[in-house]
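Below: one structure, written as structure tokens.
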Amino acid sequence: MGSNSFKMSPESLRETVIFFTHKKILNQNIALRKKRKVLHAIIRPMKMRNIILLLILVALDQITKYLAVLFLSNGTVEVIKNFFYLRLVYNDGAAWSILEGQMTFFYIISVIAVIMVFYYMAKTKKNYHRILLVLVQAGIIGNFIDRLFLKYVRDFLDFYIFNYNYPVFNLADVFICIGAILLAIDIIRHPAEEEWQ
């Protein structure tokens, strides 16, 4: 009996290999373009001055935390009596010691927050909003660095407001609050002026 098996000529085999190789390269190029598009969307709104500002703020947060550990480990420093003190606190939760020890939760929330802030930076056309978002981003990254490498956040700014001892905080918290509050105020005051790309 004769063989019915399919035989491919060397030329056909070569063309088939070339076809699938080109197809694979094409798919890789498409995937690469998609990645570049996503990266471009993130980097594009981050003009050099905003990148520099972000790095400066994160560095300032980390330096002040380092100095707090260096000089406040032996006790509290009174700056303004009954109002402002420097007191070192290691916080493994959120404000008012909420969710103490839930590091995995804070990792997830921090990553989501960083992505969302980059997204809004890419969408907004107002440079003022981008600067405020840089403030928020610096604060998120500053505290995320602490949680990632130390498993807690270093707080040292302690205020008594109308005899109420407000939870101790740090510069990263200040950046987040200032950026978020000013951004909310501007959007509320000028809702029609915000344009999204």
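The values are calculated or read from the model by the stated rules, or taken from the named source; none is laboratory data. Keep in mind the model is a prediction, meaning the values are calculated, not measured. Here the Cβ is made from the backbone with ideal geometry for all residues, glycine too, and neighbour counts use every protein chain on show.
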Exercise for the section: Pull up the stretch 35-54, narrow it to residues that are under 19 Å from Gly139 (Cα atoms) and among the charged types (D, E, K, R), then point me to the one that is modelled with the lowest pLDDT. Expected result: Lys47
Exercise for the section: Could you check, for the stretch 75-92, whether at least one of its residues is among the charged types (D, E, K, R), within 21 Å of Phe159 (Cβ to Cβ), part of a strand (DSSP E or B) and assigned by TED's automatic domain parsing to the domain that holds Phe169? Expected result: yes
Practice task
Would you check if there is a residue in the stretch 114-130 being assigned to a strand (DSSP E or B), of a type outside the set (D, E, K, R) and surrounded by 14 or more Cβ atoms within 10 Å (Cβ to Cβ)?
Solution key: yes
Handout entry: Selection count where residues are exposed (fewer than 13 other Cβ atoms within 10 Å of the Cβ) and modelled with pLDDT under 90, scope the stretch 162-187
Key = 2
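Residue by residue, here is whether (1) touching a residue at least 12 places away in the same chain (Cβ under 8 Å); (2) in a helix (DSSP H, G or I); (3) within 17 Å of Ile51 (Cβ to Cβ); (4) more than 14 Å from the chain's Cα centre (by Cα) holds:
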{"position": "Tyr107", "(1), (2), (3), (4)": "yes, yes, no, no"}
{"position": "Ala138", "(1), (2), (3), (4)": "yes, yes, yes, no"}
{"position": "Gly142", "(1), (2), (3), (4)": "yes, yes, yes, no"}
{"position": "Arg147", "(1), (2), (3), (4)": "yes, yes, no, no"}
{"position": "Phe159", "(1), (2), (3), (4)": "yes, no, no, yes"}
Problem - Exclusive hit being under 16 Å from the mean Cα position of the chain (by Cα), within 18 Å of Leu157 (Cα to Cα) and either at pLDDT below 95 or not acidic (Asp, Glu) (or both), set Leu57, Leu132 - result: Leu57
Fill in the blank from the handout: Residue count, the stretch 54-74, condition among the small types (Gly, Ala, Ser) and either within 30 Å of His129 (Cα to Cα) or outside any loop (DSSP other than H, G, I, E, B) (or both), comes to 2
